[in-house]
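Worksheet for the structure shown next.
The values are calculated or read from the model by the stated rules, or taken from the named source; none is laboratory data. If you're wondering where the values come from, they're calculated on a predicted model, not measured in any experiment. Reconstructed Cβ throughout: ideal geometry from the backbone, glycine too, with neighbour counts over all protein chains shown. We work out accessible area using only protein heavy atoms, side chains counted, and drop any ligands, DNA or RNA first. Shrake-Rupley method; radii C 1.70, N 1.55, O 1.52, S 1.80 Å.
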Amino acid sequence: MKLLRMGLVMACLVGMVSCSGGSEEDLAVDGKLPFKIGIMTGTVSQGEDEYRGAERVIAKYGADRIKHVTYPDNFMVEQETMIAQILNLAADSKVEAIIIAQGVPGSMAAMKKVKELRPDMLFILDNPHEDPHQVAGYADLSLIPDDLRRGETIVELAKNMGATSFVHYSFPRHMSQELLARRKDIMEDHAAKLGMDFVYVNAPDPTGDQGLPGAQKFILEDVPRQISQYGKDTAFFSTNCGMQEPLIRAVMDKGAIFPEQCCPSPTHGYPGALGIAINEEQAGDMAQICEAIQGKVDEYNQQGRMATWPVSIGIVTIETAVDLAIKKVRDDIDITQPAVIRESMQEASGVDVTLVPFEGKDNYYLVLLDSIVF
Amino acid sequence: MTWAVDLIKGLGITRGIILLFLVGLWILATLATSLPLTGLFADCLIRTGMNGVLVLALVPAVRAGVGLNFGIPLGIVCGLFGMVTLMDMNIRGYSSLFGAMVLGGGIGALAGFLYARLLERVKGQEMMVGIYVGFAAVAGASIYWLVAPVKNPELVWPLGGAGLRNTLVLADYYSQYLDKLGAIPFGTGYIPTGLLAFWLGMCGLLALFLKTKMGTALTAAGANERFAEASGINVTRMRTIGVILSTVLGAIGIVIYSQSYGFVQLYKGPLLMAFPTVAALLIGGATVRNATITHVIIGTFLFQSVLTTSLPVVNEIVAKGGSEFGNIPEIARLIISNGIILYALTRKESA
Amino acid sequence: MAAEPVLPLVEEPGTNRVKSAMVQNIVPILFGLLCLTGVLAAQIPFPFLINEVVTRLARNLFLVLSLIIPVVAGMGLNFGIVIGAMCGQISLIIVENAEWAGIDALLIAALISLPLSLLFGFLTGLLMNQAKGREMITGMILAFFANGIYQLLFLLMAGPLIPLRNEKILLPTGVGLRNTIDLVGTKHQLDELVRVGVPFMGLKLFFPIITFVVIALLCFGLRWYLNTRSGHGLRAVGQDMHVAEIAGIHVNRSRIRAIILSTMLGGIGHVIWLHSIGTMNTYQSHEQVGPYAIAALLVGGATVARATIWHAILGTFLFHTLFIVSPLAGQTLLGSAQIGEYFREFVSYAVIGVTLALHAWKTARA
């Protein structure tokens, strides 16, 4: 019996050897780029923006130049799969840069593993979830929405939109992420400065015992409770992507204020929450999508009480990262220079970009765009 | 008042403990917080009705001797398919709601039949197989949501222009139609008469079915296979019927759930739904071998009410202590509510 | 002295040995074929694949092996392993806090985890005995409950009450641990103690020799234990609690012993797993342990009632090979990155359902 099992293992190994020669042939150089770029994103169910961002750069540079893989939906539980996918990208010797969007947990371990085998690999991270001090030690460049400054801008925006109180939904696991925890503190201070009530409310963790449906249902139940206590001029904010749709819906229904999502973009939460119809010609056109949202906001008489960023930060960051990766690998430009990054990013987004380095790090930048109020 | 005494006796010590805990929470809410008790209670009822049919769906499988149907996401996926298909055809209102139940239930019957055939081969390991079948159904359905040939512009991804969105909003279709049907205003909330009536109606129908000749045969097959076989009951057929019923009810259950929730959750939404459902039934006093309609009603109400009530109450109380205690409520809820359930589960049941 | 019940532990060789062997091993054989197909479709360079498979074996085998004892004792899926994993994490937190480094630090971490998992394993065992027949639901709720306690300890008490002072692992406020902790002192210590690099097809293959030695020691230890009197007792309990009771075996005590052993091994296994990954996901790493270890064991040919060391080794090898190749295979076959990802999930879950069905078919044939 054991012999048979041993034999089985051997047969697999032999099988692997005999079929592994195929990957070297397809390297005929003809395209624009003399190398490949690997991109890892989530699936659309995790958030459409990053995935479509990757599709856009594939359309631009060709599927033979951009290798696109995805991390599992429950990436928190399947770190090993995520790591293996990155290694798969690095296994192609033509891939010289890898972009991870978003930098979910496991990114550090994956980068470390790849750099052991291929020390020259360039890594650009979009929105790293892991500890910023530690991530900066592995990734060549990290770009993340400026969560700290957003602590001030969001509260200020809410005030300008007429809010007198500010409700912040989160849960312990998110509050153990440094930037999210500090942003909450900043919001609290800033709200006090502007004379607003700040309310921190615990919601169930979507990865916990009630799952995402339980967390979403809680939001739908809790928003009316908070409004009955603090009035309609209350601004609502949540740190979790999955809660945006019920939150936007509840805020619209009850006439409260919604200054910004966790990940600002017209496509994040709004279309799903408001049932916005997007026909084929409109698909992917930010201006058209914003117009459609405006229509719904008017319908609910919520003008001036709903807002977001005018473009998708997820898509912009991926386009920027690809552009920077090319500049680095092909032209050997120092892409950690703020001026270089800003130029790429403004080209990709078409709007004004504010860039701030994170606490003395020269390869970890916080990004801020202006808001659009519907 | 004798019925109240009987109720407590019937509840047993496990349910008694959880009920006391729940009542304690309500008292605490009234005394120590500004939360409107009526609103909290209404939320509990809504959540109970919302989850009720899904919990009920577990009963036929347990009765037929298949155990707890962890494969309920299979039925859920069928129900989602029914909803999505009718929404894509731009059918709205009650016709859409009941059409989704019929279509989802029909496909659920087919899927349930195949699932039963698989379970027949893995007798003794149905629950473990069920977990993985449920996961596989959710992953397989995810592929379908991505490539589904939907045309309704309210359903497709706004950037990609194809495939179904993660969350579909039911507001213009049949959001809370049953909840609001004959709803009775109750303090800051309302009692979802239609929703509860529908759920209890389903419970009644299943109870009636279990009283029929086929129903008793089903129960007999689950209770003692050899004995049932000896008395001329086709056990395999009964088990198949049990699984099919369970899957069909799962499909109907998710339609009810979604209409009350107001959204349809595709992709990973149904992945872990089997677990709270099973927990509710077990807390109601059911076992792997025996489950009654009473277990469903009590369990759903107790479990969902504890989940609904504990967090806002603890949130309010802790908020008085200042923001340095910010994270305590969710952690306290995890420990207290799961601790109570754990305590209840490990009590030796006295008859 | 009550006699040990005689149990049919060795499969009878049939008349046609090859055919019977095929039937016996139908699950791993089919899985092996699936892996081969995946490897063909994914077109990953071979040395990369080997490196990854070897790393995964070293990383996961200890954990998978730690599941065997409760299976033998008839307790099925052991959720206690999550508790063991938490103990392993606590000991690594202690070591990182003290900034100990090196192989001795890793050893200390493993040693610290032992008394913790002994205690919590004992408590889990007591709980499981109170909930016979409801072990699964109890285990699930227990995991949520334990997660609450764990968050209470390390998110609220670490810092002010629990004397963890190292700024590298604490949040800047000084209260609570960071979301991710880089295991500076212990990472790769065991793997790299003796790490042989073999040049192969233009790349170096790395073999973490000592990790495999440790795993081999565990295999021999398990084998020895299952053949002791205590081990036989566990088997008897696993076959039939009532018969075992009548035969004079302390059923409850045996079950507690099985959970304790599994929890302790799970704790060490998780320390090895984390040290190989290199970063700890403070509040969620422990949740990653159960389902995949169990799936790997099943794929190797184990059943709920019977699991051997060979099942664990073969299963880990096959399961992880499939996990490495299937996303790319799915992508190549179906032409979209995310469909590839769902395809991987579908295959890995569906395969387990089919696997269990095949076991039944096998039993019917044998």
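If you filter region A:203-220 down to residues that are part of a helix (DSSP H, G or I), at the interface with another protein chain (Cβ under 7 Å from one of its Cβ atoms) and in contact with a Leu (Cβ under 7 Å, 6 or more places away or on another chain), you find that the one that is surrounded by the most Cβ atoms within 10 Å (Cβ to Cβ) is A:Phe218. When C:Gly197 is tested against (1) modelled with pLDDT of 80 or more; (2) closer than 24 Å to C:Ile313 by Cβ, just one condition goes unmet, and that condition is (1). Could you tell me whether any residue of region A:322-332 is part of a loop (DSSP other than H, G, I, E, B), under 28 Å from A:Val57 (Cβ atoms) and more than 10 Å from chain B (Cβ to nearest Cβ)? Yes, region A:322-332 has at least one match. Among residues of region B:138-167 being more than 18 Å from B:Pro270 (Cα to Cα) and charged (D, E, K, R), the one that is nearest to the other protein chains (Cβ to nearest Cβ) is B:Glu154.
Given the options C:Ala131, C:Ala109, C:Ala98, name the one that is more than 23 Å from C:Phe62 (Cβ to Cβ) and touching a Leu at 6+ places or on another chain (Cβ under 7 Å). Only one candidate qualifies: C:Ala131.
In summary, B:Ile298 fulfils each of the numbered conditions (1) at pLDDT 80 or above; (2) open to solvent by 10 Å² or more (accessible area, probe 1.4 Å); (3) at positive phi with the single exception of condition (3). Of the residues B:Val59, B:Val55, only one is over 22 Å from A:Lys217 (Cα atoms), open to solvent by less than 20 Å² (accessible area, probe 1.4 Å), at pLDDT 90 or above and out of contact with any Phe, Trp or Tyr (no Cβ under 8 Å at 6 or more places or on another chain); which? Answer to the selection: B:Val59.
Being of a type in the set (D, E, K, R), away from chain B (no Cβ under 14 Å) and open to solvent by 30 Å² or more (accessible area, probe 1.4 Å), is that true of even one residue in region C:133-140?
Within region C:133-140, not a single residue is of a type in the set (D, E, K, R), away from chain B (no Cβ under 14 Å) and open to solvent by 30 Å² or more (accessible area, probe 1.4 Å).
Within region B:258-291, track down each residue that is among the aliphatic types (A, V, I, L, M), in contact (Cβ under 8 Å) with a residue 24 or more places away in the chain and part of a loop (DSSP other than H, G, I, E, B).
Matches in region B:258-291: B:Leu266, B:Leu271, B:Met273, B:Ala286, B:Val288, B:Ala291.
Among the residues making up region B:128-138, those that are touching a helix residue (DSSP H, G or I) at 6+ places or on another chain (Cβ under 7 Å) and of a type outside the set (Val, Ile, Thr) are B:Met128, B:Tyr132, B:Gly134, B:Phe135, B:Ala136, B:Ala137.
No other residue among B:Leu146, B:Leu159 is part of a helix (DSSP H, G or I), open to solvent by 10 Å² or more (accessible area, probe 1.4 Å) and hydrophobic (A, V, I, L, M, F, W, C) apart from B:Leu146. Scanning region A:156-190 for residues that are closer than 24 Å to A:Asp131 by Cα, open to solvent by 30 Å² or more (accessible area, probe 1.4 Å) and not hydrophobic (A, V, I, L, M, F, W, C) turns up A:Gln177, A:Arg182, A:Asp185, A:Glu188, A:Asp189.
Within region A:66-83, the set of residues being closer than 13 Å to C:Glu287 by Cβ, more than 8 Å from chain C (Cβ to nearest Cβ) and among the hydrophobic types (A, V, I, L, M, F, W, C) comprises A:Phe75 only. For region A:231-242, a residue qualifies if it is at pLDDT 90 or above and more than 14 Å from chain C (Cβ to nearest Cβ), and the qualifying residues are A:Gly231, A:Lys232, A:Asp233, A:Thr234, A:Ala235, A:Phe236, A:Phe237, A:Ser238. Screening A:Gly272 against (1) within 16 Å of B:Ala171 (Cβ to Cβ); (2) modelled with pLDDT under 85; (3) part of a loop (DSSP other than H, G, I, E, B) leaves a single unmet condition, (3). Being in a helix (DSSP H, G or I) and over 18 Å from C:Leu116 (Cα atoms) is the filter here; which residues of region C:249-272 pass it? Residues satisfying the conditions are C:Val251, C:Asn252, C:Arg253, C:Ser254, C:Arg255. Checked against the criteria, A:Ala101 does not count as more than 18 Å from the chain's Cα centre (by Cα) and among the hydrophobic types (A, V, I, L, M, F, W, C). Would you pick out the residues in region A:142-155 that are of a type outside the set (Val, Ile, Thr) and in contact with a helix residue (DSSP H, G or I) (Cβ under 7 Å, 6 or more places away or on another chain)? A:Ser142, A:Leu143, A:Pro145, A:Asp147, A:Leu148, A:Arg150, A:Gly151, A:Glu152, listed by residue number. Any residue at all in region A:159-168 that's among the basic types (Lys, Arg) and modelled with pLDDT of 90 or more? Checked region A:159-168: at least one residue is among the basic types (Lys, Arg) and modelled with pLDDT of 90 or more. Considering only residues that are more than 14 Å from chain A (Cβ to nearest Cβ) and in contact with a Gly (Cβ under 7 Å, 6 or more places away or on another chain), which ones fall in region B:9-42? Answer for region B:9-42, where residues must be more than 14 Å from chain A (Cβ to nearest Cβ) and in contact with a Gly (Cβ under 7 Å, 6 or more places away or on another chain): B:Gly12, B:Thr14, B:Arg15. Before we move on, is C:Ile93 in contact (Cβ under 8 Å) with a residue 12 or more places away in the chain and either surrounded by 21 or more Cβ atoms within 10 Å (Cβ to Cβ) or touching a Cys at 6+ places or on another chain (Cβ under 9 Å) (or both)? Spelling it out, C:Ile93 is indeed in contact (Cβ under 8 Å) with a residue 12 or more places away in the chain and either surrounded by 21 or more Cβ atoms within 10 Å (Cβ to Cβ) or touching a Cys at 6+ places or on another chain (Cβ under 9 Å) (or both). Within region B:234-273, restricting attention to residues that are of a type in the set (Ser, Thr, Tyr) and within 14 Å of chain A (Cβ to nearest Cβ), the residue that is nearest to A:Arg249 (Cα to Cα) is B:Tyr261.
Pairs linking a residue in region C:155-171 that is more than 10 Å from chain A (Cβ to nearest Cβ) and part of a loop (DSSP other than H, G, I, E, B) to a residue that is among the acidic types (Asp, Glu) and loosely packed, with under 15 Cβ neighbours inside 10 Å, with Cβ atoms under 7 Å and 6 or more positions apart or on different chains, are C:Asn166/C:Glu99. Any chance region A:346-359 includes a residue that's open to solvent by 30 Å² or more (accessible area, probe 1.4 Å), hydroxyl-bearing (Ser, Thr, Tyr) and assigned to a loop (DSSP other than H, G, I, E, B)? The answer is no; no qualifying residue exists.
Within this structure, B:Thr308 passes the test of being more than 29 Å from B:Ala148 (Cβ to Cβ) and within 14 Å of chain A (Cβ to nearest Cβ). Condition check: modelled with pLDDT of 80 or more, open to solvent by 30 Å² or more (accessible area, probe 1.4 Å) and within 12 Å of chain B (Cβ to nearest Cβ). Does C:Leu123 satisfy that? Yes, satisfied.
Can you say whether C:Phe346 is at the interface with another protein chain (Cβ under 7 Å from one of its Cβ atoms), at pLDDT below 80 and closer than 20 Å to C:Leu40 by Cα, as far as the supplied structure shows?
So C:Phe346 does not fit the description; no.
Among all residues of region C:203-215, there is at least one that is more than 23 Å from C:Ile268 (Cβ to Cβ), in contact with a helix residue (DSSP H, G or I) (Cβ under 7 Å, 6 or more places away or on another chain), open to solvent by 40 Å² or more (accessible area, probe 1.4 Å) and touching a residue at least 12 places away in the same chain (Cβ under 8 Å).
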